[in-house]
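The values are calculated or read from the model by the stated rules, or taken from the named source; none is laboratory data. Everything quoted here is computed from the prediction, not taken from an experiment. Using ideal geometry, Cβ is built from the backbone for each residue, glycine included, and neighbour counts are taken over all protein chains shown. The accessibility values were calculated without ligands, DNA or RNA, using every heavy atom of the protein model including side chains. Shrake-Rupley method; radii C 1.70, N 1.55, O 1.52, S 1.80 Å.
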Amino acid sequence: MLPEQLVIFDLETTDIAESAALSKPVEIIEVGAIKLGSNFDILGEFSTLVRPINLDLVTEAVSKLTGLTTSDLDTAPFFTDVWRNFAKFTGFSSFRISSYSTFDVTVLESEYASRGLTFPHKKPTIDILSVVYGSFVSKGISVNTLSLGSVCGVLGVSRPKVHRALEDARAVGHVLKSLYTVKQSAESFTCVGV
């Protein structure tokens, strides 16, 4: 059981390298989230595309990675139009929010700050990558990388649409559930409940 209810979110963003090269902030282009109950049951889902201010930062690399193009995002709402619905979904500070890595939390905080908005979510946030690392080390599980794809592979979690925010949030939820249900014997480990 989870000690408290969580919202697991994932973001897709504009091109990180291009943003840095042009001294422009990385912007959110998609938000996906699931609300987990204490027994890992999904209580709700949230998904929206977000139009970045700098649409030119949705590069060919971003489109290749996510499948999203500038035409997909051209008519999407801006972050200033979606943040309140996302905050309502998270219960403002009722649910602790978490993501697979600190990158998504940093980008989310930056989006709020750049729009003059106060971060409306419960703190501290949970970095699930740290939980994965600690769990893998304590169980002697070795992987070359702790990317979400590698961890899903080790735990047998499927990802139908890679690098789409809602699908990745669901995958992170399954990873977290698996970590809580991993049983280790002297010879091997087995993941159940995925």
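Out of all the residues in region 54-72, which are among the hydrophobic types (A, V, I, L, M, F, W, C) and farther than 14 Å from Arg164 by Cβ? It would help to see each step written out before you state the result.
If we filter region 54-72 for residues that are among the hydrophobic types (A, V, I, L, M, F, W, C), which is where we start, we get 55, 57-58, 61-62, 65, 68.
Answer for region 54-72, where residues must be among the hydrophobic types (A, V, I, L, M, F, W, C) and farther than 14 Å from Arg164 by Cβ: Leu55, Leu57, Val58, Ala61.
Given the conditions (1) open to solvent by 40 Å² or more (accessible area, probe 1.4 Å); (2) at pLDDT 85 or above; (3) not small (Gly, Ala, Ser), and given that Lys183 satisfies all but one, which numbered condition is not satisfied?
(2)
Name the residue that is least open to solvent (accessible area, probe 1.4 Å), counting only residues in region 113-122 that are farther than 19 Å from Ala169 by Cβ and in contact (Cβ under 8 Å) with a residue 12 or more places away in the chain.
Among those residues, the one meeting the criterion is Leu117.
Quick one: in region 124-142, of everything that is among the polar types (S, T, N, Q) and open to solvent by less than 50 Å² (accessible area, probe 1.4 Å), which residue is farthest from Thr106 (Cα to Cα)? It would help to see each step written out before you state the result.
Here is the first cut: in region 124-142, the residues among the polar types (S, T, N, Q) are 125, 130, 135, 138, 142.
Add one more test, that the residue is open to solvent by less than 50 Å² (accessible area, probe 1.4 Å), and what stays is 125, 135.
Values: Thr125: 10, Ser135: 23 Å.
The residue in question is Ser135.
Return only the number of the condition from (1) in contact with a Phe, Trp or Tyr (Cβ under 9 Å, 6 or more places away or on another chain); (2) under 18 Å from Arg164 (Cα atoms); (3) open to solvent by 30 Å² or more (accessible area, probe 1.4 Å) that Leu108 does not satisfy.
Leu108 satisfies all of (1) in contact with a Phe, Trp or Tyr (Cβ under 9 Å, 6 or more places away or on another chain); (2) under 18 Å from Arg164 (Cα atoms); (3) open to solvent by 30 Å² or more (accessible area, probe 1.4 Å) except (3).
Yes/no per residue for (1) touching a Lys or Arg at 6+ places or on another chain (Cβ under 8 Å); (2) open to solvent by 10 Å² or more (accessible area, probe 1.4 Å); (3) modelled with pLDDT under 95:
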position	(1), (2), (3)
Thr13	no, yes, no
Leu43	yes, yes, yes
Pro52	no, no, no
Leu55	no, yes, yes
Thr69	no, yes, no
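Would you please list the contacts, defined by Cβ atoms under 8 Å and residues six or more apart or on different chains, that run from a residue in region 49-67 that is under 15 Å from Val107 (Cα atoms) and of a type in the set (A, V, I, L, M) to a residue that is part of a strand (DSSP E or B) and open to solvent by 30 Å² or more (accessible area, probe 1.4 Å)?
Val50/Phe78; Ile53/Phe78
Could you pull out the residue among Phe92, Phe103 that is among the aromatic types (Phe, Trp, Tyr), out of contact with any strand residue (DSSP E or B) (no Cβ under 6 Å at 6 or more places or on another chain), over 16 Å from Gln5 (Cα atoms) and surrounded by fewer than 19 Cβ atoms within 10 Å (Cβ to Cβ)? Even if it seems obvious, please write down each step before you answer.
Values: Phe92 fails: over 16 Å from Gln5 (Cα atoms).
Only one candidate passes the filter, namely Phe103.
Just need a number here: residues in region 1-10 that are modelled with pLDDT of 95 or more and open to solvent by 10 Å² or more (accessible area, probe 1.4 Å).
Selection size over region 1-10: 1.
Just checking, how many residues over region 155-178 are farther than 14 Å from Ser98 by Cα, of a type in the set (A, V, I, L, M) and open to solvent by less than 50 Å² (accessible area, probe 1.4 Å)?
Adding up the residues that qualify gives 2.
Of everything in region 27-36, what is modelled with pLDDT of 95 or more and of a type in the set (A, V, I, L, M)? Give them in sequence order.
Residues satisfying the conditions are Ile28, Ile29, Val31, Ala33, Ile34.
Return yes when Ser138 is part of a helix (DSSP H, G or I) and hydroxyl-bearing (Ser, Thr, Tyr) and no when it is not. Break it down into steps so the answer makes sense when it comes.
Numbers: part of a helix (DSSP H, G or I): yes; hydroxyl-bearing (Ser, Thr, Tyr): yes.
Yes: the conditions hold for Ser138.
Check whether at least one residue in region 81-101 is without any contact (Cβ under 8 Å) to a residue 12 or more places away in the chain and closer than 30 Å to Leu22 by Cα, and report yes or no.
Yes.
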